Structures are given as structure tokens and as C-alpha cells.
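The block underneath contains the structure these notes are about, expressed in C-alpha cells.
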Amino acid sequence: MRIGFACAAALLVLTSFAMGQTTPPTQKAPVLKFTGRIPITIDGRIDHTSIDLTGRRLFSSGNGSNVLDVIDLKTGKEVTQINSLNKPQNSFYVASVNRLFVSSGGDGTVKIFDGTTYKLQRTVQLTEDADNIRYDARRHHVLVDYGGEKFMHGQAVGRNGMKDGAVAVLDEDGNKVADIPTGGHPESLQLEQKGNRIFINSPDNHYVVVADLDTNKVLAHWDNPGCENYPMALDEDHHRIFVFCRNSPGYVSVIDTESGKQVTTIPATPESSSDDMFYDPSKSRLYVLASIEPTFGNPGIIDVIQQQDADHYEKIATYPTGPVGRDGLFVPELGKLFVSSPRQPTGQGGEYLVYETK
């Protein structure tokens with residue numbers, strides 16, 4: 001049944017693209033407008049994406065080809081690729097020091113490059129699986145999650161039993177200031193901009209780790225029973241975090257950041273699995289980037305969820321994207337959503353699909 005659903009969904013998406021459609025026929029009022037494609041030459045899986053807002057550069061983690069792709073958004077073209085990486089998973093450009101931090105899951109490193117020449121300046125060795133990166137602008141720290149037992153689809157798939165997972169707190173020179181322990185491999189993390197807390201998903205433990213960024217001390221573990229919690233988004237004004245649970249069926253868990261309790265759940269598109277999810281404060285919306293499981297190459301989708309109030313939500317639209325379109329980046333300053341789709345065995349080239357919010 002799962003494979004049959006996926007094939008039917010794939011046919012729908014391919015037909016839609018062939019007809020030039022970017023929204024389902026039944027969609028009454030578009031909330032996303034498809035505006036174009038950016039071709040890329042990355043082979044294999046594409047992981048997380050980051051941006052240099054001032055320079056209008058997009059950084060794409062070519063996890064399957066061991067490169068970081070640099071895309072000029074002004075021209076819509078690749079400008080270079082950074083090699084010497086081992087399964088890159090994320091990046092962050094720190095404009096104040098003109099340095100580009102790149103995390104790699106294959107060797108557990110964070111490599112720091114000159115933001116202009118892309119020459120390697122320093123390599124920071126963590127234990128294993130350096131993954132998501134966030135930047136703490138208030139304290140000038142780069143936060144990288146790494147290590148621990150890798151947990152997927154209800155079982156350990158790597159480093160079985162290892163509990164050394166943590167978020168490394170680095171200064172802008174790459175010196176480690178502290179570790180925030182997570183008890184298993186950490187996944188997505190979100191930082192308060194007005195407060196002092198960081199929220200970290202730990203799918204191995206089915207909980208969210210809460211820590212104080214002033215002291216780097218763990219404050220609490222919020223249970224999210226049964227949830228394989230991977231991507232996360234934060235609505236700080238309404239005191240909510242959103243966690244995508246890669247269960248079957250998948251759903252979004254909404255957690256009150258004052259009490260740590262789940263307030264509701266939101267069903268996702270059946271058979272979908274997400275790796276990136278974003279909250280749009282200007283529209284009070286969630287954009288869930290996902291792909292139909294279980295087969296690689298199946299179609300990607302964007303589930304758009306509208307917030308009615310802090311405790312009530314409604315899925316208002318689902319847009320087809322490209323194969324494996326479960327990663328990308330929402331840039332609120334531009335009002336744009338970038339969705340990556342890797343090169344396919346059929347010969348279809350890799351690309352970023354670009355959407356504007358409406």
C-alpha cells in the first residue's frame with residue numbers, strides 16, 4: 001500500500017509539472033507562488049541549506065558528493081564548489097568575521113573557510129556526525145550538534161548505545177567554549193532571540209533538551225513520547241515549538257515553551273517524512289518540506305499549516321516540489337522558500353525550486 005501510494009503521488013506530481021502547474025487544481029487561494037528554478041550540479045543527497053544575506057549567496061550541502069555548493073542568487077547560478085569535505089550536512093556564514101563554518105557527518109569535523117577565497121583556515125575535530133549549525137548572534141557563538149547514538153525508524157542505526165551526543169559551543173575562531181549534553185544524537189535546534197534558551201531535538205530519547213545559553217547548562221528534558229523528533233521550528237512570540245515526528249503516519253507536535261507540555265498535534269501528508277520545517281512569523285504559518293516515503297526519488301511536497309491561534313492549526317495547502325524535496329531554506333527577509341531536489345538516476349538534473357510567500 002505504501003509503495004502504491006507513493007507511485008500514485010509521483011504520477012500526480014510529474015503530470016502537474018508537465019502541465020506547468022505549481023499548485024494543486026483544487027487550491028483556491030495560493031499561499032506560495034512558484035517563481036523559478038536554479039540548476040545545480042550536485043550528485044546524490046542534498047542536506048541542509050544556509051545563506052549569506054548581504055552577499056546573496058546560497059550554500060548547499062552536497063552530502064552525497066562531498067562538496068559545498070555556492071550559488072549566486074543575483075544570477076541564479078553556481079559560482080564554485082568547496083571540496084575536501086566528508087558528507088557535509090550544514091553550514092553557516094558569519095559575516096562579522098567573514099568565515100564560513102561547514103559541518104560534516106562523515107568525519108565529525110567543522111571546517112572553517114575564508115568567506116571570500118574559500119580557503120581552509122581551521123579544522124575543528126568533534127567526535128562523530130557533526131550536523132546542524134545555528135548562530136548565536138548575541139554571544140557570537142557557533143552551535144553545532146554532533147555525536148551520540150543515531151536513531152531512525154524506531155532503532156539505532158549507528159553508534160549503538162553511545163550517549164556522548166552534544167551541542168558544541170564554538171567561538172568565532174573555532175575554539176570550543178562548552179558542550180551541551182543531549183544523551184543521544186541531537187537533531188534540529190532552535191534559539192530564542194529574546195530569551196536565553198536553546199531547544200534541541202533528541203530522537204533517540206524522544207525528548208527535547210532545553211538549555212540556558214548564558215551558562216550552557218541543561219535546564220530540562222521535555223518528553224515527547226513516541227515522537228521521532230527531527231526538524232524543529234520556533235514561534236517565540238506565542239511560546240511554541242513545532243517538532244516534526246517521523247512516525248507512521250507523520251505529524252507535527254506543538255509544545256508550549258512555558259510548560260514544556262504538548263498542546264496539540266497536526267497530521268502531515270500521509271507517508272511523508274520531513275528534514276526541514278520553518279515558521280513564518282509574518283504569515284503565522286508553518287512550511288513543512290517533506291518527501292513521500294519509503295523510496296528514494298519519490299516526490300517532494302510542501303505542507304502549509306496556518307496558525308489560527310497558539311493552540312489551533314489547520315493544513316491549508318500542499319504543493320508538489322521535486323524528487324526528495326525534503327530539505328531547503330526559508331528566508332523571511334526575502335519572503336522566499338528554497339527547496340532542494342537532487343539529481344536523479346533517471347538523468348533529471350538537480351535544482352532548487354524557488355517560491356515566494358503570498
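The values are calculated or read from the model by the stated rules, or taken from the named source; none is laboratory data. Just so it is clear, the structure is predicted and the values come from calculations on it, not from any experiment. Counting neighbours? That spans all protein chains shown, and the Cβs are built from the backbone with ideal geometry, glycine included. Heavy atoms of the whole protein, side chains included, go into the accessibility calculation; ligands, DNA and RNA do not. Shrake-Rupley method; radii C 1.70, N 1.55, O 1.52, S 1.80 Å.
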Cβ pairs under 8 Å, 6+ apart or interchain, first in the range 212-227 and farther than 17 Å from His141 by Cβ, second at pLDDT 95 or above and surrounded by fewer than 16 Cβ atoms within 10 Å (Cβ to Cβ), ordered by first then second residue, are Leu219/Asp212; Trp222/Lys261
Of the residues in the range 40-78, those that are more than 28 Å from Arg285 (Cβ to Cβ) and either in contact (Cβ under 8 Å) with a residue 60 or more places away in the chain or of a type in the set (Ser, Thr, Tyr) (or both) come to Thr41, Ile42, Asp43, Gly44, Gly64, Ser65, Thr75
Residue count, the range 207-223, condition buried (at least 19 other Cβ atoms within 10 Å of the Cβ) and under 20 Å from Gly161 (Cα atoms), comes to 3
Can you find a residue that is more than 15 Å from the chain's Cα centre (by Cα), modelled with pLDDT of 95 or more, β-branched (Val, Ile, Thr) and within 19 Å of Phe34 (Cα to Cα) anywhere in the range 330-339? no
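Any idea which of Thr117, Thr127 is outside any strand (DSSP E or B), polar (S, T, N, Q) and within 19 Å of Asn201 (Cβ to Cβ)?
On the way: Thr117 fails: within 19 Å of Asn201 (Cβ to Cβ).
The match here is Thr127.
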Of (1) open to solvent by 10 Å² or more (accessible area, probe 1.4 Å); (2) assigned to a strand (DSSP E or B), Val288 satisfies every one except (1)
### Query
Looking at Tyr313, is it within 23 Å of Leu191 (Cα to Cα), open to solvent by less than 20 Å² (accessible area, probe 1.4 Å), in a strand (DSSP E or B) and in contact (Cβ under 8 Å) with a residue 24 or more places away in the chain?
no
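In the range 161-189, which residues are in contact (Cβ under 8 Å) with a residue 40 or more places away in the chain, of a type in the set (D, E, K, R) and not in a strand (DSSP E or B)?
So the first thing to find is which residues in the range 161-189 are in contact (Cβ under 8 Å) with a residue 40 or more places away in the chain, and the list is 167-170, 172-174, 176, 185-189.
Cutting the leftovers down to of a type in the set (D, E, K, R) gives us 172-173, 176, 187.
The answer is Glu172, Asp173, Glu187.
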So, first residue at pLDDT below 95 in the range 252-265, second residue of a type in the set (A, V, I, L, M) and open to solvent by 30 Å² or more (accessible area, probe 1.4 Å), Cβ within less than 7 Å, six or more apart or across chains; the pairs are none
Requiring at least 2 residues that are closer than 15 Å to Asp43 by Cα and open to solvent by 20 Å² or more (accessible area, probe 1.4 Å), the strands (runs of 3 or more DSSP E) wholly within the range 66-109 are 77-82
For Asn86, the lone unmet condition from (1) free of Cβ contacts under 8 Å to residues at least 24 places away in the same chain; (2) among the polar types (S, T, N, Q); (3) within 16 Å of Gly165 (Cβ to Cβ) is (3)
Of the residues in the range 224-252 that are among the small types (Gly, Ala, Ser) and surrounded by fewer than 19 Cβ atoms within 10 Å (Cβ to Cβ), the one that is nearest to Asp311 (Cα to Cα) is Gly226
Are any of the residues in the range 142-153 buried (at least 18 other Cβ atoms within 10 Å of the Cβ), more than 19 Å from the chain's Cα centre (by Cα) and more than 25 Å from Asn66 (Cα to Cα)?
no
